[in-house]
Amino acid sequence: MRCVGVLGAGTMGHGIAQVAAAAGYGVVLRDVNAEALARGVQAIERNLAKGIQLGKITEQQRDEILQRIRGATRIEEISGVDLVIEAAPENLELKQNLLRASESLLDNDGIFATNTSSLSIGEIASVASRPENVVGMHFFNPVHIMRLVEIVVGAQTGESVTERVREVATRMKKEPIIVRDVPGFASSRLGVTLGLEAMRMVEQGVASPRDIDTAMELGYNHPMGPLRLTDLVGLDVRLNIAEYLYRKLGSDTFRPPEILRRMVSEGKLGKKSGEGFYNWSEQEKSQRASIS
């Protein structure tokens, strides 16, 4: 495995590109939007600059990582890569379209991995001519800091494919876990449950978002509370995942709270919009720079 193609230069995509390049892989980072691609590369540069400040990498290592990343706006430019990791929004049709477009550009043993946090690997792979080469690689935000990668094995995913992406994750200095293709996998099913219950507590006036988060951070040693994490992930993303899990599992546990629907309709999407359960002012952003 020598070269990785990453589809999407947003929060997850540029993070995946960074850790792949840091692991020594050549990377083609592709986004259909040239401005989004430029923002993604700039975000990588900021992350690496911070790494130098913290003494985690050298300037030479930064330069080597950046040299391994090539930006692209045409999907044809991923032709011949060994592994494609798509990091597009949680939309089944969009991910299926990316799979179709990618498959024709890959060799017969080329792997297509989806970074979906909840969608069925089997449903995504249903449009594939080589479904045995389709697998889930669910990274966590911020990718360059969070160590977990959830490898999701579909019913038709080949054993050798699972082993190869496990090796990739390990080379990226991640801790891979293997889960079956069930709604929400392991992480989202538990994480969304906690996040939605925290929202209901805000709705019921149990405590403030900050105090609810503090309870989990100090009482249960969580590095970040569920509401701050929701702001980081995006309330719209959380809503889409909750609706999907509620539809698939039929449990009221995943019924989206009214507060979540209302905030999304008001454009309060979390950090990316400047406001969610927290007000992401420039002052707060600088105070919490360690999570971005």
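Points worth noting:
- Within segment 131-157, residues that are more than 17 Å from VAL182 (Cβ to Cβ) reach partners that are part of a loop (DSSP other than H, G, I, E, B) and among the aromatic types (Phe, Trp, Tyr) with beta carbons closer than 9 Å, at six or more positions or on different chains, in the pairs MET146/PHE139; MET146/PHE140; ARG147/PHE140; LEU148/PHE139; LEU148/PHE140; VAL149/PHE139; VAL149/PHE140.
- Complete set of residues in segment 126-146 that are modelled with pLDDT of 95 or more and in contact with a Phe, Trp or Tyr (Cβ under 8 Å, 6 or more places away or on another chain): ALA128, ASN133, VAL134, VAL135, GLY136, HIS138
- Taken over segment 212-256, residues that are of a type in the set (D, E, K, R) and not in a helix (DSSP H, G or I) amount to 1.
- Check on GLY80, within 23 Å of GLU167 (Cβ to Cβ), surrounded by fewer than 24 Cβ atoms within 10 Å (Cβ to Cβ) and at pLDDT below 95: yes
- A single entry from GLY55, GLY26 fulfils the requirement of being among the small types (Gly, Ala, Ser) and either surrounded by 15 or more Cβ atoms within 10 Å (Cβ to Cβ) or touching a helix residue (DSSP H, G or I) at 6+ places or on another chain (Cβ under 6 Å) (or both): GLY26.
- For segment 8-20, the count of residues that are outside any helix (DSSP H, G or I), among the β-branched types (Val, Ile, Thr) and either surrounded by 14 or more Cβ atoms within 10 Å (Cβ to Cβ) or more than 19 Å from the chain's Cα centre (by Cα) (or both) is zero.
- Looking across segment 69-88, the residues that are part of a loop (DSSP other than H, G, I, E, B) and farther than 17 Å from ASN33 by Cβ come down to SER79, GLY80, VAL81, ASP82.
- Residue check for THR162: assigned to a loop (DSSP other than H, G, I, E, B) and in the same structural domain as LEU29 (by TED's automatic domain parsing): no
- Flag for LEU66 being assigned by TED's automatic domain parsing to the domain that holds GLU86, part of a helix (DSSP H, G or I), over 17 Å from VAL165 (Cα atoms) and at pLDDT 95 or above: yes
- Among residues of segment 246-263 that are assigned by TED's automatic domain parsing to the domain that holds GLU197, those with a Cβ under 8 angstrom from a residue that is of a type in the set (S, T, N, Q) and surrounded by 11 or more Cβ atoms within 10 Å (Cβ to Cβ), sequence gap 6+ or separate chain, pair up as THR253/THR193; PHE254/THR193.
- Segment 66-75, residues that are among the hydrophobic types (A, V, I, L, M, F, W, C) and either exposed (fewer than 14 other Cβ atoms within 10 Å of the Cβ) or in contact with a Leu (Cβ under 6 Å, 6 or more places away or on another chain) (or both): ILE69
- Condition check for VAL152: crowded, with 18+ Cβ neighbours inside 10 Å and within 30 Å of LYS56 (Cα to Cα): no
The values are calculated or read from the model by the stated rules, or taken from the named source; none is laboratory data. The shown structure was predicted, so the numbers you read here are calculated from the model rather than taken from an experiment. Cβ atoms come from the backbone with ideal geometry, glycine included; neighbour counts cover every protein chain shown.
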